[in-house]
1. Can you tell me which of 227, 273 is within 29 Å of residue 50 (Cβ to Cβ) and either in contact (Cβ under 8 Å) with a residue 24 or more places away in the chain or among the hydroxyl-bearing types (Ser, Thr, Tyr) (or both)?
2. Within segment 18-35, track down each residue that is surrounded by 13 or more Cβ atoms within 10 Å (Cβ to Cβ) and at pLDDT 95 or above.
3. Restricting to segment 261-275, give me the number of residues that are open to solvent by less than 20 Å² (accessible area, probe 1.4 Å) and over 22 Å from residue 167 (Cα atoms).
4. Exactly one condition in (1) free of Cβ contacts under 8 Å to residues at least 40 places away in the same chain; (2) crowded, with 18+ Cβ neighbours inside 10 Å; (3) over 27 Å from residue 200 (Cα atoms); (4) under 17 Å from the mean Cα position of the chain (by Cα) is false for residue 15; which is it?
5. Checking the conditions here, which among 245, 287, 232 is touching a Ser or Thr at 6+ places or on another chain (Cβ under 6 Å) and under 27 Å from residue 129 (Cβ atoms)?
6. Search segment 135-160 for residues that are on the phi > 0 side of the Ramachandran plot and pair each with any residue that is open to solvent by less than 60 Å² (accessible area, probe 1.4 Å) and not in a loop (DSSP other than H, G, I, E, B) when their beta-carbon atoms are under 7 Å apart and the residues are at least 6 apart or on different chains.
7. Search segment 112-133 for residues that are of a type in the set (Gly, Ala, Ser) and pair each with any residue that is open to solvent by 50 Å² or more (accessible area, probe 1.4 Å) and outside any helix (DSSP H, G or I) when their beta-carbon atoms are under 7 Å apart and the residues are at least 6 apart or on different chains.
8. Looking at the structure I just gave you, is residue 67 in a helix (DSSP H, G or I), over 20 Å from residue 191 (Cβ atoms) and open to solvent by less than 50 Å² (accessible area, probe 1.4 Å)?
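The values are calculated or read from the model by the stated rules, or taken from the named source; none is laboratory data. Treat the numbers as computed from the prediction; the structure is a model and nothing was measured. Glycine also receives a Cβ, built like all others from the backbone with ideal geometry; neighbour counts cover every protein chain displayed. Surface areas here come from the heavy atoms of the whole protein model, side chains and all, with no ligands, DNA or RNA. Shrake-Rupley method; radii C 1.70, N 1.55, O 1.52, S 1.80 Å.
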Amino acid sequence: MAAIEIDESLVRSLLHEQHPDLAGLGLRPVAGGWDNQLWRLGDELAVRLPRTQRAPGLLRKEHHWLPVLAPRLPLPVPTPLRIGEPSALFPKAWTIAAWIPGEPGDRVSITQGHHAADILAGFLRALHLDAPAEAPANPMRGVPLRTLTHHFDKQFQAVASRVSGDVRDVWDEAVSAPGWEGPPVWLHGDLHPANVVVTDGTLSGVIDFGDLCAGDPATDLAAAWLLLPAGAASQFFDAYADADASMIQRARGWAVLQSLSLVGIGQAWERGLPGGKQTWGPAGQAALDRVLASS
């Protein structure tokens, strides 16, 4: 996969090969993305081509489940509209999805905190319904936090010189909180700033459902600190209206875990390492500050 250069010529050839009715639309690359490389296709579509080994499976999962979930969600999501099959041109599955307008949340700040808190709470209330038995599982999302202690330790040690030791206290409190006893609910699973879009200072769309799964809703409630500016978390939980003290405690644990990952990815960028993202480190540091300031 790494030997294949995903350039405009390749994307155009794939469109001609499998979706010729779309091949004449304008095509331009879009910065960002982790598992997939994104190209804007015309004004309303996006082409996503995998660049990691796990990406094709994530795309097929979105293609299967997002059309089921999207009609009930109050924010735009990149519903897959067509799938590209592996071929001699490109050996992995790829998708064409709806384009979600707005600026990525790791590049443009949410400034209307209380408005965004209400929007985010409404989105998660609509998403967090009981999931069917065949919903995908994810060993890193929606699970009891104690099962991720080794992962937390690894993330913390990697950036220990950059973060407060109080982060570990938040984690320990979250691990000790009573666990989720309800049925597994649908989760986005990865609500960090690069996976939402912002328009006019507020949340306007949610993207990248590759970690879509079922489990403990506290995983997604970490977005209260990962996405929203300081002072908006209380408004978010009031609007969500279905989070007890234990769930909020677990959500803080999920927030520090995901924030440490963002800080580590930013650190990789500073060191010129593969997978580094310039904007992710500051986003993670800011989220940690918000978690530590909360009670």
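1. That would be 227, the only listed residue that is within 29 Å of residue 50 (Cβ to Cβ) and either in contact (Cβ under 8 Å) with a residue 24 or more places away in the chain or among the hydroxyl-bearing types (Ser, Thr, Tyr) (or both).
2. Across segment 18-35, the qualifying residues are 18, 19, 22, 23, 25, 27.
3. So the count comes out to 0.
4. (4)
5. That would be 287, the only listed residue that is touching a Ser or Thr at 6+ places or on another chain (Cβ under 6 Å) and under 27 Å from residue 129 (Cβ atoms).
6. 142/187; 142/213; 142/214; 142/215; 142/219
7. Short answer, once both residue conditions are applied: 113/231; 122/74; 126/74; 131/184.
8. Considered against the rule, which asks whether it is in a helix (DSSP H, G or I), over 20 Å from residue 191 (Cβ atoms) and open to solvent by less than 50 Å² (accessible area, probe 1.4 Å), residue 67 comes out as no.
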